[in-house]
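A.B. asks: Would you mind keeping the following structure in view while I ask a few things?
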Amino acid sequence: MFKTLATLINGQNARAEDRVRDAFAIELIDQKIRESENSLRAAKATLASLIQRQRSEEKQHAALKTRISDLTKRAKEALDNDREDMAEEAARAIANMENELTVRSETLDRLDQKVMRLRTSIESGHRRIIDLKQGAIQARAVRREQNIQVQMVKTGVTHGSVEEAEELISRVLGKDDPFERTEILAEINSDLDGDSLTDRMADAGFGSATRATADDVLARLKSNKK
């Protein structure tokens, strides 16, 4: 029983978390981009420190090699001049410097590897942030489109509403004209009564005219004037 309730509660919490994440997805994306940029800046600062230390080690390494070379030359000259005491002293100093040179060479190798790994990581992180920003732009465009769709649903401007309006317009425009129907009915009745045939024969010149014409009216006006 308790396990079932715990499972239901956990499921409800997960769904609530998903709803929150969906509602604030754009804000969360922007926050993750800011965090990534902060991490990238910190990595760049670390890389700069490593490179600075690397260059310092390289200078000390080069200076040590120069000292060893110089002291070796002097020790040879001491031996050539039968000054073994000074040659031995120089040899001990050279041995110490060669040991130090070995340590510095190992340090340089480790620094080189760290710099290379960190530089590769920074380049990868930089590309990923660019991709994240492009994705954020696309996400904002999708969210704007979703908001527009929601607003259209709220205001009734939906696909179904448009289709319904178009159907109503088609029905109105497709209805018969009542005035035209009245005229057609009058013509049918006239044909049935024979009036239409009489008019057509009068118009053809058979018998007297059944309808006044402009010529008749004009002739009547002229006659009344006389």
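A.B. asks: Answer with yes or no whether Glu89 is open to solvent by 60 Å² or more (accessible area, probe 1.4 Å) and acidic (Asp, Glu).
C.D. replies: yes
A.B. asks: Can you tell me which residue among Arg143, Arg119 is in contact with a helix residue (DSSP H, G or I) (Cβ under 8 Å, 6 or more places away or on another chain) and modelled with pLDDT under 90?
C.D. replies: Going through Arg143, Arg119 in turn, the sole match is Arg143.
A.B. asks: Being closer than 30 Å to Ile122 by Cβ, modelled with pLDDT under 90 and loosely packed, with under 15 Cβ neighbours inside 10 Å is true for just one of Arg41, Arg21, Arg15. Which residue is that?
C.D. replies: Residue meeting the stated conditions: Arg21.
The values are calculated or read from the model by the stated rules, or taken from the named source; none is laboratory data. Quick caveat: nothing in here was measured; it's all calculated off a predicted structure. Every residue, glycine among them, receives a Cβ derived from its backbone with ideal geometry; neighbour counts consider all protein chains shown. What goes into the accessible areas is simple: the full protein's heavy atoms, side chains included, and nothing from ligands, DNA or RNA. Shrake-Rupley method; radii C 1.70, N 1.55, O 1.52, S 1.80 Å.
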